[in-house]
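The values are calculated or read from the model by the stated rules, or taken from the named source; none is laboratory data. Remember, it's a predicted structure, so these values are computed and weren't measured experimentally. In this analysis, Cβ positions are derived from the backbone assuming ideal geometry, glycine residues included, and neighbour counts consider all displayed protein chains. In case anyone asks, the SASA skips ligands and DNA or RNA and just uses the protein heavy atoms, side chains included. Shrake-Rupley method; radii C 1.70, N 1.55, O 1.52, S 1.80 Å.
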Amino acid sequence: MDTGERENGNSAAPRRGELDHVLQVLRSRRNLIALCTLLVTLSALAFSLSQRKVYSASAELLFRDAQLDQKLFGSTSLPPSTDPAREAATNVNLVGLEAIAERTAAALGGGATGATVAGEISVKPAGQSNIVDVTAIDPSPTKAARLSNVYAEQFIAFRRDADRAKIADAQRLVQTQLSQLQAKGAAGSAVGTSLQNHAEELGILASLQTGNAELVQPAHTPTSPSSPKTKRNTVLGFILGLLFGIASALLLERLDRRIKDVSELEELYGLPVLCDVPESPALGSSQSEEVHGFVVAESFRMLRARLRYFNIDHEIRSLIVTSVGPAEGKTTIAQNLAAAAASTGSTRVLLLEADLRRPRLAGNLGLTAAPGLAEFLTHAVGLDKVVQRLTIEAGDEGRAEKGLDVIVAGINPPNPAELLESDKMADLLDRLAAIYDLVIIDTPPAGLIADVIPLLSRVGGIVIVSSVGKSSRDGAAHFRAQLAQLGAPVLGVVANRVKHRAGDGYYGGYNTYYMRNGHATDPAVPATAEKRTTP
């Protein structure tokens, strides 16, 4: 493949990507597009139905050669017209004279006025020709046809009478001169003979005058209204509504700064997406609990596996789970990740709640709210008093119990930032790392609260939780820059609340494979709690 072909291929790929993005936007906002299309279509239909029906009828006038008399009798007193466009415009203006409207009103009778007639008549040329259309519009189809025909006939009569009046004036002048010659006895002279010939020509011309216009196509009574055009307006309304809906969808997409899909997360953070957690009953979804419960559990098992083998040369023993803003699901991700790690039975796992401002773990897991981390850091109690035990899976005969240790936040202290930055907190992390195989720390939103900053350099890795459809692009970009400045060991991103349709790709494969026996495994969520006396 030569260089030109490679360049063409590279340029085609972004275009396909942009097209795919546009199609995805239109699919995601299809309800808005459908609503706009429906509203505009119905509005156009309602407007058309509310309008009064009017009918239009057209008569066609043909303008003949205005110099026919000169060609017949060899007169060259007036030069022929050399501007057809000007001649056509002149004809249109002549037909539209107020005098014609007045004559038409008089001919129609019934109280019609020239202004009324002029308001219902339109005159326009029929393309590049000597034909002029006289169109009348009226609520009555019969009246529209009659008005158009009468108007055309009155114009012809007006022009004919005007031309004949001029010829009559010329005839009277010739006749006066002949009478004077006869009185002098010179009627047989050459001048008298010429005047006599002119008198005969004028008589012939008077009989030929038709106003140089002819009604070649009278108006017929219309069978359907010319306005409103309900069908046409409805179709145009549909097209305009569809275009308006598409434009609105694209505009809202441009104004909407929320992260829409998993691939966008990877692009914004420049990090791998460790897993995407779908919406499920356990995480606030209304979808099928049985199938999606398994999918959620498998997502956390996949997350644990990827973190475990993220770097085979460096085992990650402590992990921060945080987010840019609130309500993105970081606490739920942290507790389910901890449960998935502890469910193997071969790993000692501790879940530490370092969000001292808005603690939630005690309520979520049914644990005692105090004592907790705050009490330990203030030297109120020892470590053995703050660790609580969650039983994930009870042991049967010959099988060991699987459990998870938890340290909740405790009572809200007045100085959470100082406590998390203290040497006591650093010593605790070192101590826990020596006791447990994995310590998962649930922190405040790192993009909003500075409490978590001292902890970023004291752990083996950081996982960012981002809620698809809620997190903002601007917040993600700012948070990425902040983490880069701090040199934080960020491992990747967890895409939370990802919407997957039934049968879609990866998750559809789960449903097909694991539902063959009619049920799926429940998610590994901690079920019971008891106080642990020793760490």
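General observations
- Given (1) assigned to a loop (DSSP other than H, G, I, E, B); (2) of a type outside the set (K, R); (3) free of Cβ contacts under 8 Å to residues at least 12 places away in the same chain, index of the condition G363 fails: (1)
- Scanning region 103-113 for residues being farther than 18 Å from V92 by Cβ and either within 51 Å of the chain's Cα centre (by Cα) or part of a helix (DSSP H, G or I) (or both) gives a total of 4.
- Verdict on T142 being open to solvent by 60 Å² or more (accessible area, probe 1.4 Å), farther than 27 Å from N197 by Cβ, under 60 Å from the mean Cα position of the chain (by Cα) and of a type in the set (S, T, Y): yes
- Residues that are of a type in the set (D, E) and touching a helix residue (DSSP H, G or I) at 6+ places or on another chain (Cβ under 6 Å), drawn from region 307-360: E353
- Counting only helices (runs of 4 or more DSSP H) that fall entirely inside region 412-462 and contain at least 3 residues that are out of contact with any Pro (no Cβ under 9 Å at 6 or more places or on another chain), the qualifying elements are 423-435, 453-456.
- Some residue of region 166-185 being within 20 Å of N91 (Cβ to Cβ) and free of Cβ contacts under 8 Å to residues at least 40 places away in the same chain: yes
- Members of region 124-136 found to be under 19 Å from L215 (Cβ atoms) and either open to solvent by 40 Å² or more (accessible area, probe 1.4 Å) or not in a strand (DSSP E or B) (or both), listed by number: K124, P125, A126, G127, S129, N130, I131
- Residues of region 250-272 that are outside any helix (DSSP H, G or I), basic (K, R) and more than 16 Å from V465 (Cβ to Cβ): R257, K260.
- When residues in region 143-193 are screened for being of a type in the set (S, T, N, Q) and within 22 Å of G111 (Cβ to Cβ), 3 of them pass.
- Scanning region 358-374 for any residue that is farther than 21 Å from P444 by Cβ, at pLDDT 90 or above and not hydrophobic (A, V, I, L, M, F, W, C) turns up at least one such residue.
- Annotation note: of A247, A219, A168, the sole residue that is assigned to a helix (DSSP H, G or I) and farther than 27 Å from V40 by Cβ is A168.
- Filtered residues of region 145-165 (kept if surrounded by fewer than 16 Cβ atoms within 10 Å (Cβ to Cβ) and either among the basic types (K, R) or assigned to a strand (DSSP E or B) (or both)): R160
- Test for S422: is it under 26 Å from A446 (Cβ atoms) and among the hydroxyl-bearing types (S, T, Y): yes
- The set of residues in region 463-487 being part of a loop (DSSP other than H, G, I, E, B) and open to solvent by 20 Å² or more (accessible area, probe 1.4 Å) consists of V468, G469, K470, G487.
- Verdict on H379 being at positive phi, modelled with pLDDT under 90 and open to solvent by 20 Å² or more (accessible area, probe 1.4 Å): yes
- Where a residue in region 18-38 is aliphatic (A, V, I, L, M) and its partner, wherever it lies, is at pLDDT below 85, with Cβ under 7 Å and at least six apart: V25/E253
- Flag for E214 being touching a strand residue (DSSP E or B) at 6+ places or on another chain (Cβ under 9 Å), assigned to a strand (DSSP E or B) and either more than 30 Å from T37 (Cβ to Cβ) or of a type in the set (K, R) (or both): yes
- Filtered residues of region 218-255 (kept if in contact with a strand residue (DSSP E or B) (Cβ under 9 Å, 6 or more places away or on another chain) and either of a type outside the set (S, T, Y) or surrounded by 14 or more Cβ atoms within 10 Å (Cβ to Cβ) (or both)): P218, A219, H220, P222, P225, S226, S227, P228
- Some residue of region 457-465 being over 16 Å from A417 (Cβ atoms) and touching a Lys or Arg at 6+ places or on another chain (Cβ under 6 Å): yes
- Among the residues here, L432 does not qualify as farther than 21 Å from R304 by Cα and touching a strand residue (DSSP E or B) at 6+ places or on another chain (Cβ under 9 Å).
- In region 400-422, the count of residues that are among the basic types (K, R), surrounded by 19 or more Cβ atoms within 10 Å (Cβ to Cβ) and under 20 Å from A339 (Cβ atoms) is one or more.
- You will find that of V296, V349, V273, the residue that is touching a strand residue (DSSP E or B) at 6+ places or on another chain (Cβ under 9 Å) and at pLDDT 90 or above is V349 and no other.
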